[in-house]
Structures are given as C-alpha cells and as structure tokens.
Amino acid sequence: SAVMISIEDTGGGIEPEMLSQIFSPFFTTKRHGTGLGLSIANRIVMNHFGTIRADNAEYGALFNVILPLAVHH
C-alpha cells in the first residue's frame, strides 16, 4: 500500500528534453540558483523508499510523489 501526492502548477511546464535531467544535482535553467532543490527532494523521497516523477499537465508541471505506507505493529 502507498499514498500518492500530486502537485501541479501553472507555470507553463517543463521542456520535454529537460524532463530526464531535472532531478540531477546542479541542473538548473535559472540564472541564479544552485540546481539542488529537486535533487534534494528526490533524495528525501528515495530515502523513504518512494518515487517522485515529473511530467507536464495541461497548464504547467505535474509532480507525483509516491510513498509506501508505514506498517504499525
């Protein structure tokens, strides 16, 4: 069992050729910035045995975060 969180914006989306790179450390399209934000978010999700995926939605970017549910004993 898992939970999925979807986050969507209206910023115009992500260039298709950049989708495969956006979680890489130091990748940025901005003039100022380190390019670490999405790479850190990806690492946090992975450390919790989840996945994060990016795609384009109708008006902007769409991020889906899938995390496994914790098992309580």
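Bear in mind these aren't lab numbers, they're just calculated from the coordinates by the rules spelled out. Model, not experiment: these values are computed from the prediction. With ideal geometry, Cβ positions are generated from the backbone for all residues, glycine too; neighbour counts draw on all protein chains shown.
Helices in the chain, meaning DSSP H runs of at least 4 residues, each add -39500 (n - 2.57). Divided by all residues, the mean residue ellipticity at 222 nm is -4500 deg cm²/dmol. Here the 3J(HN,Hα) profile of the range 22-36, calculated from phi with Karplus coefficients 6.51, -1.76 and 1.60 at θ = phi - 60°, is 5, 8, 6, x, 6, 7, 8, 10, 8, 5, 10, x, 9, x, 9 Hz, Gly and Pro shown as x. With 0.36 nm allotted per residue and the present C-alpha distance subtracted, the Asp9-Ala57 stretch has 16.4 nm of extension available. Charge dipole (Cα centre; +1 on Lys/Arg Cβ, -1 on Asp/Glu Cβ; no other charges) of the chain amounts to roughly 340 debye.
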